[in-house]
Amino acid sequence: MSKDAAPSSTGPVSRRRFFRYLWSVLGLAALAELVWLAVSFLRPPRAELGDAQAAAVVAAGAVESFAAGSVTAFQQGQFYLVRLENGGFLALSCRCTHLGCTVPWVEKEQKFICPCHASVFDITGNVIAAPAPRALDLLPLAVVNNVVRVNTARRIKRSGFEAGQVTFASES
Ligand code: FES
């Protein structure tokens, strides 16, 4: 008799313990998933952290090494660093927005003149003469510790030049 009573009195207890344990494990798993989701949400996108992204940033040089009104070509990244007369910087893609030819800066003319179909751009990259349909693309830039840094991984399409596209050394 006592042998029969023992399993029936401990059965519900161990079942209760088992379910309590199961709920604890499931609760911890749900909590861990919640934490993982929160961390994933708050973490910057992978593209911002990757080595490729870091490698795509070109340290163009110290701010004072670029004279006002100058255009400097950078083979690496295929862009021009423009320092406007007001001291602000623009990084312009050297690719023509017509069919993608490389557009040289013609110092004597103070213009970018495409050798393929004669599109002409001013120092801000604005179209002066067609067939180019829009201004030269911009590359994001920042001035960090007095060094101009250009992100060659991104090209920003624009219809034309706007003052807000210019970066000044004191802004960064
Ligand atoms: S590719 Fe430059 S004008 Fe056609």
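The values are calculated or read from the model by the stated rules, or taken from the named source; none is laboratory data. This structure is a prediction, so every number in the text was calculated from the model and none was measured. Quick reminder, even Gly has a Cβ in these numbers, built from the backbone with ideal geometry, and neighbours come from all protein chains shown. Heavy atoms of the whole protein, side chains included, go into the accessibility calculation; ligands, DNA and RNA do not. Shrake-Rupley method; radii C 1.70, N 1.55, O 1.52, S 1.80 Å.
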Counting only residues that are farther than 23 Å from Phe89 by Cβ and among the small types (Gly, Ala, Ser), which one in the range 120-138 is least open to solvent (accessible area, probe 1.4 Å)? Ala129
Complete set of residues in the range 113-156 that are within 16 Å of the ligand (Cβ to nearest atom) and either of a type in the set (A, V, I, L, M) or touching a residue at least 60 places away in the same chain (Cβ under 8 Å) (or both): Ile113, Ala118, Val120, Val127, Ile128, Ala129, Ala130, Ala132, Ala135, Leu136, Arg155
Filtered residue count, the range 78-112, keeping only those that are within 11 Å of the ligand (Cβ to nearest atom), assigned to a strand (DSSP E or B) and either open to solvent by 50 Å² or more (accessible area, probe 1.4 Å) or closer than 20 Å to Arg154 by Cα (or both): 2
I need every pair where a residue in the range 55-72 that is closer than 16 Å to Leu139 by Cα has its Cβ under 7 Å from the Cβ of a residue that is assigned to a loop (DSSP other than H, G, I, E, B), sequence separation at least 6 or different chains. Ala56/Thr152; Ala56/Ala153; Val58/Gln76; Val58/Gly77; Val58/Thr152; Val71/Ile123; Thr72/Phe66
